[in-house]
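Have a look at the structure below before the remarks.
Any read-out appearing in this document is the output of simple, stated calculations on the displayed coordinates, not a laboratory observation. Please read all numbers here as calculations on a predicted model, not as lab measurements. For neighbour counting, all protein chains shown are included, and Cβ atoms are generated from backbone atoms with ideal geometry for every residue, glycine included.
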Amino acid sequence: MNEHYDILDAHLTNFAGLTEKDLAAGRSFWRLRKLKKGEFFNMQYVVCNDLGLVVKGIFRIYYSNPETDEETNIFFFSENQFLVSFRSFVTRIACHYFIEAMEDSEIVYIAYRDLYSLYETHPNWAKFGRLLAELFFGYSQTRTEELLFFTHEQRYIRLLDEHPNIINRIPAYHISSYLGITNPSLSRIRKRIQR
């Protein structure tokens, strides 16, 4: 279990330059959680109360259309990435998405109220909050630009850059959903890239 907190400490130090004093101030607030494949970190129409760091596993953020039950994958998060529905987390408004473990996974997480108490009392934790907001704004902007300006093949290559082993870890139809294409189209893209 200590290895999870070692990973967390290293990530927080690299991400926001937190000192040992900062880490010690926050350590008691972080908890370990194991999720089985198919379990949810957060549900649609529920406020996202926790910020997690993926220690092991892969998660998808997806929207489920209430009229058709069709699912659309929006983001994937894997090891050493923060996991949260950021808008819901900061605004305290219910999330429009599900966040689901796609394989047996482990995270360390902190509750909203505890993180915000650290923001109020420790300047470096407040810096962490700013950097976190910038990170998730970047994710959102990048995703929007990919959908507007990039081909399906370019989006696929960028997904592989972000999550190199994703093809071996999740079913292809989840990747097709993320790219907004059919499975046969994904197969053709994969064949072209392998050449």
Protection proxy (average C-beta count within 10 Å per residue), highest first, orders 29-39, 150-160 as 150-160, 29-39
A correct Kirkwood calculation over the Cα atoms of the chain returns a hydrodynamic radius in Å of 17.8
With 0.36 nm assigned to each residue of separation and the Cα-Cα distance removed, TYR45 to LEU147 gains 34.2 nm
Between the residues LEU8, ALA126, ILE99, the Cα farthest towards the positive end of the dipole of the range 2-149, that dipole coming from +1 and -1 charges on the beta-carbon of Lys, Arg, Asp and Glu, is from ALA126
Quick calc: nm separation of the 7 Å Cα→Cβ label points for ASN14 and ASN165 -> 1.6
Using the Kirkwood formula on alpha carbons, the hydrodynamic radius of the range 27-83 in angstrom works out to 12.9
Going from the fewest other Cβ atoms within 10 Å to the most, one would list VAL54, VAL108, VAL90 as VAL90, VAL108, VAL54
Once phi for every residue in the range 145-159 is put through the Karplus expression 6.51 cos²θ - 1.76 cosθ + 1.60 (θ = phi - 60°), the whole-Hz ³J(HN,Hα) values, with Gly and Pro written as x, are 5, 4, 5, 7, 10, 10, 6, 4, 5, 5, 5, 4, 4, 5, 4
Checked against the positive end of the charge dipole of the range 2-149 (+1 on Cβ of Lys and Arg, -1 on Cβ of Asp and Glu, about the Cα centre), the farthest of LEU147, SER78, PHE41 is PHE41
For the chain, the longest principal axis of the Cα atoms and the Cα long axis of helix 183-194 enclose an angle in degrees, to the nearest 10, of 80
Counted neighbours (other Cβ, 10 Å), sorted fewest up, put ARG87, ARG113 in the order ARG113, ARG87
Excluding near-sequence neighbours (fewer than 8 apart on one chain), the chain holds lysine pairs with C-alpha atoms under 25 Å apart numbering 4
